[in-house]
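Laboratory data are not the source of any read-out in this text; all were calculated from the coordinates shown. Fair warning: this is a prediction, and the values are worked out from it, not measured in the lab. Methodologically, a virtual Cβ is constructed for each residue, glycine included, from the backbone with ideal geometry; neighbour enumeration extends over all protein chains shown.
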């Protein structure tokens, strides 16, 4: 090899020692501050010297190689030196120089020889490939040899690196973490892979089973920090070196400048699923942690999961936020997510889950769903979302804690960010994520902080460009403290379910009656309002009884609210309009009762298994408010016709507040039209005028159920309905089978007798899939399969029109039903009386658009006298012995009994049908019905 000498007169250069690969080689860089990127650097070998060689695997180091290299590294790393290039060997791309440390009189070359750290390389020829100090180097080597210094000492060389043999068993990454986690380990950074991944020689690694594992050369990633790396493009030649991502070179240089070949303290933090070790690496002499410096310079981003492993997580996040705000490095051109500065106040009317509430906005007057920013509550298992099970554990505790803190309280909502719903989400409106605090509570302006501290909420990990809560860093700190303490969701207690007695299903009728006596005897009960069906009907959870019940107010009736049914994709499938003012009443009840603590008294149960009783709302201070009185006072309801105020301690109060609301035209009374109601307080005179209309009986059912079509309006109404049904193309097969039908749903049904479509109402859905339907325009009933049923869309036009066949209930009498031995005979007799005849309906009162209570009058057969008094069906049924008078103790029932008793006595005298065994009915036998 031919050496190219450097002229002796060349001026000395200066540089900073960046790395010390071996005892005779240095990596120097320009000492001038870099402006556009990493500064120039040069790899130089000490002229005329040869040091012992280090091996790559640490197993075959030459004697004294490690000791010599460490002697040089400890003295020179990150120090300023001057050097003069003596010669070059272009063939091997090496530069040889004489290096002199700052403020030193002797060159490093000469010091290394004097200490026995290197030998003098003696060329085989007289070429000028030697140091200008060659003679001094030779003389110094002779003295070191004579003094037996360094590698000239002979005997056993100083201990080199204690690295394991490649054939030895290597600890798994998780075992290594278990052995070293939380312990401070000394190390030397051997190589920089990228800004956040390094190779470190750990010395004296501890282990429980032995005193020490010795030394280990491991690859470590900085916990919570990720720098841009180097990667090959798809399809690139493997021989092509990886190309750096933006700022990858800057990040790597900064880490080299701060850590390469430095003595560091290492704390192993954890391992990922791929076996990569994460650690905190600190240079004791540095003023700033390398991770913070990388983040603050904009050469890295935080990693959501591994940052939690680091004890320096708050400082790392603060450093990233500083770079992001200044748009440094990788954040250059960063546009923060559009923040919504919206701030509003309102009332919390529902706690949807542990991280979502519904707020009644003061400004808009609408109910808005608000999710808590940057946190998430655990969700119950989908398999246990059954009303027969109640979740318990951290999942339920989060929702319950939030309910106690916020329900019914005024809250202050600060929207931090918004997100559009995903394509498969049922909800299509924009989701708002906010910080929520109770209004006026300056000590706890953010309720999420308390729930996080209790371990009831987890903190979401955001990317650097995502919106987040204003207290996000504090969230993370509190979550870490909760995790260390193993609280809530971070502990060993798992969320499970508790089986409860669900009395709200279709099979509740009998089971509700079984528990009625116990509820009547042991009440009142503390309960929680789970759901508001309407202003007078609620679903309640009784914790002490582990029971879920439906309870209707026994004293108050409220207008029915509209009902909406949504398809799985979130679209409106069906809407049933409610009664006037029904929606306002339901909204009032939801605002004041939803999820409140209440006290319940049970008095009775209705025919479908819903309990009848009274509810009192219990405030946080213990004050109780009667719900019935509250609804009456606001005009959202009126006393039920069957309620007798004289027999209830609160009856006089109810009457008073109802009269006050009625006089003030509040709520439902603002446009209330007094219905025609029979006088309950006194016997009705035979001459008292009643509203009547002519019609024709179209269907008769068991139990005296009679359906009548109005002669004046039926023809036009039927034509409108038939033309509307014909326009819907109902014979076309539906896109999907009809599912989710409930009693009361209006559908189109195909009658089997003529294969034509008619309007029908669902009465009952059988387990085999068949549906009991009543055709509301004719009164007849039939079991239909899903193929013979079509859903209507939104209920408008002819679909929502009142039933043409009106059910007429004969007032004050009981006609035996299908289960009674006299039921068939009663039905046949009634059919002979009225079916397919022109009759007159005498209305006493009405119950909605499809039902009236009164009597049916039949013209006298064969009589030509138009003034002849028509025959009363009520009287005829009583005289036949196929009906009896209702036996109750209220004044209206007593008056009716007195009036109709002579006709019933005629039936009793026949000793047939109901009276076959004599008069077996008590004076108040119908009181509980």
Dimensions in Å of the range 714-803 - Rg and Dmax from alpha carbons
12.3, 38
Quick note on 910, 504, ordering by fewest other C-beta atoms within 10 Å, gives 910, 504
Proxy reagent accessibility, fewest Cβ within 10 Å first, across 269, 129, 190:
190, 129, 269
Please compute the length gained on full extension between residue 429 and residue 450, using 0.36 nm multiplied by the number of residues separating them and subtracting their Cα-Cα distance.
4.7 nm
Of all the Cα-Cα pairs you can form in the range 260-305, what percent are over 17 Å apart?
45
Convert 4 °C to kelvin, take the viscosity as 1.567 mPa s, use the Kirkwood radius over C-alpha pairs of the range 704-749 as Rh, and evaluate the Stokes-Einstein diffusion coefficient in µm²/s, rounded to a whole number.
95
Rg/Rg_globular for the range 463-558, with Rg_globular taken as 2.2 N^0.38 Å and Rg from C-alpha atoms
1.72
Could you check how many percent of all C-alpha pairs in the range 248-375 are farther apart than 20 Å?
62
So if we plug the beta-carbon distance of residue 526 and residue 606 into 1/(1 + (r/R0)^6) with R0 = 25 Å, what FRET efficiency do we get, rounded to 0.05?
0.60
Report, to the nearest 10°, how far helix 823-834 tilts away from the longest principal axis of the Cα atoms in the chain, using its own Cα long axis and a range of 0 to 90°.
60
Expressed in whole Å with the largest first, what are the equivalent ellipsoid semi-axes of the range 501-671 derived from the C-alpha gyration tensor as the square root of 5 times each eigenvalue?
24, 23, 15
Expressed as a whole number of Å, what is the distance separating the alpha-carbon centroids of the range 444-514 and the range 582-645?
30
With axes computed from alpha carbons, what is the tilt in degrees of helix 472-484 against the longest principal axis of the chain, rounded to the nearest 10 within 0 to 90?
90
So how tilted is helix 394-406 from the main axis of the chain? Cα-based, degrees 0 to 90, rounded to 10.
70
Restricting to the range 4-152, what percent of DSSP beta bridges are antiparallel, rounded to 5?
90
Rank by packing, highest mean first: peptides 696-705, 72-81, 177-186, with packing defined as the count of other Cβ atoms within 10 Å averaged across residues.
696-705, 72-81, 177-186
Separation between the residue 191 and residue 768 pseudo-spin-labels, each 7 Å from Cα along Cα→Cβ, expressed in nm?
7.7
Please order 364, 893 by the number of other Cβ within 10 Å, starting at the fewest.
364, 893
Compute the Kirkwood hydrodynamic radius of the range 4-152, taking the inverse of the mean of 1/r over all pairs of distinct Cα atoms, and give it in Å to one decimal.
15.8
